[in-house]
Amino acid sequence: MLYSQTGRTNPEPERKCAVGRPPDAADDGGSEERVEASAVWAGYAMSGSDAELLVRLRQGDAAAFEAIFLRHYGTVHRVVVGLLGDQHEAEDVVQETFLALHQHPPRVETGASLPAWLCRVALNRGYNVLRGARRAQQTHERGAEVVPLLDPAADVMRMEERALVRAAIARLPERQGKLLLLRHAGFAYAEIAATLELAPGSVGTLLVRAEQAFLTVYDQVGTAEQEH
């Protein structure tokens, strides 16, 4: 379940502190502008710890927000894509998450806690998207016959496997799904504990239980798909 950022760009909002993609992800523009923008963002990234940046953000410092965005966008995006599987939906959720940060910065005292806060907000929003999609699908299935889609032969097996993984995660209790997504994204046990507000010593046991539950649900989902 490895995904990369798309080349999708977002229009520049008319506000002092824009929520957008890092400059090196832009589709167009001259090389000089890209180099200059990248240099500016690199300067932001080196401008202090997360705790210091949050203090500056609460004081209205736009550069602090940009630094936080550049530093943590990739991690938050990777976690949300693992949950939703759709790049555009994931980017919308990540944008909403950073907008929430900009509007209501948390009072986080240690840098290690900021990515935990961001991922917790993003995962909660991602599960809201899943619940909405599930309700929409149920409504569609009640009102119309589902027409099967024909995919090209190439990569179909991989796409189906990813779909089964996401379907299995969506059927798990939310805490178990979040545990697996964060671990897959490379979070250490301490970071998972901070994100999900768990006792650090309990993460290992909870992960084992989540993995066992995932394997059971994955087999059930696979069997159901074969029967169809």
Calculated FRET efficiency, residue 208 and residue 124, Cβ-Cβ r, R0 25 Å, to nearest 0.05? 0.55
For residue 107 and residue 174, calculate 0.36 nm times their separation in residues minus their Cα-Cα distance, and state this gained length in nm to one decimal. 21.6 nm
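Taken together, the values in this text are just the output of simple stated rules run on the coordinates, not laboratory data. Treat the numbers as computed from the prediction; the structure is a model and nothing was measured. Quick reminder, even Gly has a Cβ in these numbers, built from the backbone with ideal geometry, and neighbours come from all protein chains shown.
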